[in-house]
Amino acid sequence: MDYVTPKDKAKEWCLTQRRVEVLCDKGRIPGAYRLGRVWAIPKDAEKPIDGRTKEAKLVKHDEEQ
């Protein structure tokens, strides 16, 4: 499996590098792991759903049921 850095994913997902690192730290990106000070993110990882959107609230509501 190929891995990329948070900087690469930040460009792909139109987020800041710090935001991608926070998502990794909170476990929101499956398969991401830390190598010293740098995160390794699977190349085929999908962008997590933004928790503030209506879509995320619907997904959360469905999981609770």
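Got a number for carbon plus sulfur as a percent of the chain's accessible area, 1.4 Å probe?
Ligands and nucleic acids excluded, carbon and sulfur give 50 percent.
What is the set of long-range amide H partners of TYR3 at a cut-off below 5 Å, with H atoms built 1.01 Å from backbone N?
Long-range HN contacts for TYR3: LYS43.
Identify the GluC sites (Glu not before Pro) of the chain meeting these criteria: DSSP loop state and at most 11 other C-beta atoms within 10 Å of the C-beta. Please list the in-between numbers first.
Working: sites: GLU12, GLU21, GLU46, GLU55, GLU63, GLU64; in loops: GLU46.
Answer by residue number: GLU46.
Counting only other residues whose beta carbon sits under 11 Å from that of ARG18, what net charge do I get with K and R as +1, D and E as -1? Please list the in-between numbers first.
Values: positive: LYS7, ARG19; negative: GLU21, ASP25.
Taking every Cβ under 11 Å from that of ARG18, the sum is 0.
Before I look further, what does the chain give for accessible area per residue, probe 1.4 Å, in whole square angstrom?
80 Å²
If the cut-off is a Cα-Cα distance under 19 Å, which aspartates and glutamates reach LYS60, setting aside same-chain residues fewer than 8 apart in sequence?
In chain and number order, the partners are GLU46, ASP50.
At a probe radius of 1.4 Å, what is the per-residue accessible area of THR5, in Å² to the nearest 10?
Taking all protein chains as shown, THR5 has close to 60 Å².
Arrange the residues LEU58, LEU23, LEU15 by how much accessible surface each exposes, largest first, with a 1.4 angstrom probe. Numbers along the way, then the final one.
Numbers: LEU58 100, LEU23 10, LEU15 55 Å².
In descending accessible area the options line up as LEU58, LEU15, LEU23.
Tally Lys/Arg at +1 and Asp/Glu at -1 over every other residue whose Cβ is under 12 Å from the Cβ of TYR3; what's the total?
Details: positive: LYS9, ARG34, LYS43; negative: ASP2, ASP8, ASP44.
It works out to a net charge of 0.
Using percent of Cα pairs over 19 Å apart as the read-out, say which of (i) 50; (ii) 25; (iii) 33 was calculated from these coordinates.
Entry (iii).
Cα axis of helix 54-64 to longest principal axis of the chain: angle in degrees, 0 to 90, nearest 10?
Roughly 80 degrees between the two axes.
Can you list the trypsin sites (Lys or Arg not before Pro) in the stretch 5-65 that are in a DSSP coil and have 16 or fewer other beta carbons within 10 angstrom?
Answer by residue number: LYS26, ARG28, ARG37, LYS43, ARG52.
Cut-off under 17 Å on the C-alpha distance; same-chain residues fewer than 8 positions from LYS43 excluded. Which lysines are left, in chain and number order?
LYS7, LYS9, LYS11
In percent, how large is the relative contact order of the chain, given Cα pairs closer than 8 Å and 6 or more residues apart?
Relative contact order comes out at 30 percent.
Once phi is turned into ³J(HN,Hα) by the Karplus curve 6.51 cos²θ - 1.76 cosθ + 1.60 with θ = phi - 60°, what whole-Hz value does each residue of the stretch 9-17 show in order, with x for glycine and proline?
Whole-Hz 3J(HN,Hα) from phi for the stretch 9-17: 5, 4, 5, 5, 8, 6, 10, 7, 4.
The values are calculated or read from the model by the stated rules, or taken from the named source; none is laboratory data. The shown structure was predicted, so the numbers you read here are calculated from the model rather than taken from an experiment. Glycine gets a Cβ as well: all are built from the backbone with ideal geometry, and neighbour counts include every protein chain shown. These accessible areas exclude ligands, DNA and RNA; they are computed on the full protein's heavy atoms, side chains included. Shrake-Rupley method; radii C 1.70, N 1.55, O 1.52, S 1.80 Å.
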